[in-house]
Amino acid sequence: MPKGPGPYHCEGEILKEPQIFPEKIYLVVRLDQCAARPDWVWGEARGTVRLYLKGPDRIFFRGERIRFRASFRPPSEFKNPGSFRARRYYLSTGIDALGSISDPRWVVALQGPDRGPSWLETLRHRLRRQILKADEGDRSGLLLALLLGQRQNLSVTAVEAFRQTGTAHVLAISGLHVSLVALFFCLFFRLWSGLPPFSNSIRFLRFYPLLVIVPVWAYVAGAGLPASAVRAGIMASLFLVGLSVWRKTDPLSIWALAAFLILVFEPFALFQAGFQLSFMAVLFMILFLRGRRHWLFDLAAISFLALAGVGPLLLHHFNNVSGFGLLANIIILPMISFVLMPLVVLGWLFTGVLGIPFDLLWEGGVWAAGIVLKVNAVLAGYAESFIYHGAVSFWQLVCYYGAFFLLAWKRWVWKRRLVFFVPMMALVFWGGKMPYDGKLRVTFVDVGQGDCAVVQIPNGKVWVIDGGGIRGSDWDVGRFVVAPYLWSRGIRQVHRLFLSHPHHDHFKGLGFLAEKFEPQVLYATGDAAPEAEAEEWQEFLKKLHDVKIEKVTRRTKPVEEAGVRVEFLMPPPGGTIFHFDPNDNSMALRLDYKNVGFFFPGDLMEAGELVVLESNPDLRADVLKVAHHGSETSTLPAFLEAVRPKHAVISVGEYNPYGMPDELVIRRLEQNGTKVYRTDRHGAVSFVTDGNSVKIQTFVRQ
């Protein structure tokens, strides 16, 4: 791999079919050679990169060789308890680095695929073109998800509705889809067996399940060979082979053999959420689904067992599980299974394989998809109160699944199984949570290029100062970074929110907390966001409908609770200063607990720091949250002399494009005798104090 961010000129081969979104595309490229500044001499390069390209006006094919100019960075992640382990994920998928191409014109085709687009690629493009011809909204997006595994055309609202109802699994091609395709072709070949000359052929009757394997794998390959579909294809193939050769099959043996074969060729699959979810859902059905009753009862039992099998894993990986899925799956799955999927399979056969457009069929598919989306949207309106947010540790998973496996172990009588099942489940619900120890805990959470501090006061209540955020992005830092940290700590309510100033990297993450963690009050300066962030600011304000907003100045009465005192040092008594930069109008806080103090200056720059110093020449604190992510515009020598911190935390994004923190600021702090911690290197930094001594914990061990 090239060393350093670049930019580089590189050549390589596209390894996988591109991921196409409405306004962007992702390419996975195996590098052959690269050239860098200043001389741009080509040299050998080895590695696989995932490239982001905005708004291309051309189609790329797997196997195509391209030359491009890009900047690279290693996969990064938010280094907090409860955060998604992105580096491990990319390692498991073979990605060595992430790259971005600033302009589509920097991509040049050197050579097409050796044999031109493959039959499968042609099939996929033909199907995609036909579906988008019928509709370009969510209805076509649902058809593309079921047929090609492409969720990119579904709106965020539609995907969120499926998540809320607990039916999001239908959007990823897996066991449900593959089994329906297998069932369709089993019925098809079974009908053939009644026609001459097959009606008298015992050999055809015995071995026709083997023929079903061909369309099953054609469907899986046509979907782009996603891992979930490959897993389902292997299990379906083993079942069909067993049905043909042995007539009677042992589902548990097939489950074990499928898992073994996958792990032999892809050992890292064991750590992937998709592998764990699909195999655990099937295992619970194998172990606990007994006999056959009314189809409605069987469907309810399958829905319940699937939820029981994957619920803890969903909490472990994604921090939420929808109990509403027990009902929603009973309604949505028959619509998918008996109406939409048959149309999808017929469309795949006629348009994809035979090349017949069959517009009427696709119009019917679009209509059926619209019905599914409308019904699911109605159900989502009732599902919110049934969604449980939280976190489950690895040891809770061990206890939970161990308890259920003991329950299924028939060698023990029921009483003995229950003797172990009950205490193990008690351990799961206890989760190792101890009563709060009566100390103050301040944690600077790694939110990338932004600020967030979680304060747990001695009585167990929680306050949050700023929430991070990414400008112009639907990806919610509050939902996917701050909230998982809170849930991992067993925190389900935040009592007070503090917003230093209305910039996206401070306010956007607080929106989710305001909706889901029931805060009572938000302290803010009263200013509105700059015009460039006005739309996001209005969306944030809508989420505060149940939260009291209190405007603060230096005259505001300090907040005092459980021995903790928060004093507002900025804005000045008259409110924010009109001609100041929004950063200089930041709320500045001093938090004290007995003999230990913390100083939070927001993003104060030179002018703001001077205003604070004029009225508070002595700002001494043990811990300083360094202003403005360590920018050279802040942390002046005079300000640092007034605070005299023993420890300083710089909340800054890894590989940020601003060159923060500035080396000059780092030198000032070190010359002052201050120990510096950085969230991009140390991850979450926690200070635990009894009011006299301070204990420091970092997520990344140095």
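Data overview
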item: Calculated FRET value between Phe297 and Ala273, using beta carbons and R₀ = 22 Å, to 0.05; result: 0.15
item: Estimated FRET transfer efficiency when R0 is 60 angstrom, pair Arg667-Val214 (beta carbons, to 0.05); result: 0.30
item: Contact order relative to length of segment 9-116, as percent, for alpha carbon pairs under 8 angstrom and 6 or more apart; result: 30 percent
item: Cubic angstrom per residue, convex hull over Cα atoms of segment 502-652; result: 121 Å³
item: Estimated vicinal HN-Hα couplings, Hz - segment 37-50 in sequence order (Karplus 6.51, -1.76, 1.60; Gly, Pro = x); result: 5, x, 9, 6, 8, 6, x, 5, 9, 10, x, 10, 10, 9
item: Karplus (6.51, -1.76, 1.60) ³J(HN,Hα), θ = phi - 60°, over segment 374-387, in Hz, Gly and Pro reported as x; result: 5, 4, 5, 5, 5, 4, 4, x, 9, 8, 4, 6, 9, 8
item: All-pairs Cα distance distribution in segment 1-70, expressed in whole percent, bin size 5 Å; result: 4, 17, 28, 24, 15, 10, 3, 0
item: Extension gain from Lys415 to Ala534, taking 0.36 nm per residue of separation minus the Cα-Cα distance; result: 36.5 nm
item: For the chain, cysteines whose Cβ has no other cysteine Cβ within reach (under 4.7 Å); result: Cys186, Cys399, Cys452
item: With every protein chain in place, the chain: carbon and sulfur % of accessible area (1.4 Å); result: 60 percent
item: 3J(HN,Hα) from dihedral phi, segment 226-243, Karplus parametrisation 6.51/-1.76/1.60, rounded to Hz, x for glycine, proline; result: x, 4, 5, 6, 4, 4, 5, x, 5, 5, 5, 5, 4, 5, 5, 5, x, 5
item: With Cα atoms, 0 to 90° folded angle of helix 138-148 axis to the chain main axis; result: 60 degrees
item: Values of log10 I(q)/I(0), in the order q = 0.05, 0.08, 0.12 Å⁻¹, for the chain under a Debye, Cα-only, solvent-free model; result: -0.30, -0.75, -1.40
item: For Asp451, net neighbour charge (Lys/Arg +1, Asp/Glu -1) across residues whose Cβ lies under 9 Å away; result: -2
item: Net charge contributed by nearby residues that have their C-beta within less than 11 Å of Gln493 (K/R +1, D/E -1); result: +3
item: Nearest 10 degrees, 0 to 90: helix 325-335 Cα axis against the chain principal axis; result: 40 degrees
item: Share of pairwise Cα separations in segment 593-691, more than 21 Å, in percent; result: 28 percent
item: Sites Lys133 and Arg471 - FRET efficiency at Förster radius 30 Å, r taken between beta-carbons, to 0.05; result: 0.25
item: Tilt relative to the chain, helix 202-222 - C-alpha long axis, 0 to 90 degrees, to 10; result: 30 degrees
item: Charge tally in the Cβ shell below 11 Å around Arg441, where Lys, Arg are +1 and Asp, Glu are -1, Arg441 excluded; result: +1
item: Accessible area of the chain divided out per residue, in Å², using a probe of 1.4 angstrom; result: 48 Å²
item: Residues with amide H under 5 Å from that of Tyr677, placed H, sequence gap 5 or more; result: Ala648, Val649, Ile650
item: Over 25 Å between alpha carbons, listed pairs Lys508/Lys548; Lys508/Lys646; Lys461/Lys548; Lys461/Lys594; Lys461/Lys551; Lys461/Lys543; result: Lys508/Lys646
item: Label-point gap, in nm, between Ile549 and Phe405 - each point 7 angstrom along Cα→Cβ; result: 5.3 nm
item: Sequence of Thr698, Thr525 from largest to smallest accessible area, 1.4 Å probe; result: Thr698, Thr525
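The values are calculated or read from the model by the stated rules, or taken from the named source; none is laboratory data. Keep in mind that what you see is a predicted model, and the values were worked out from it rather than measured. Heads up, the Cβs are rebuilt from the backbone with ideal geometry, glycines too, and the neighbour counts pull from every protein chain shown. SASA here: full protein model, heavy atoms, side chains in, ligands and nucleic acids out. Shrake-Rupley method; radii C 1.70, N 1.55, O 1.52, S 1.80 Å.
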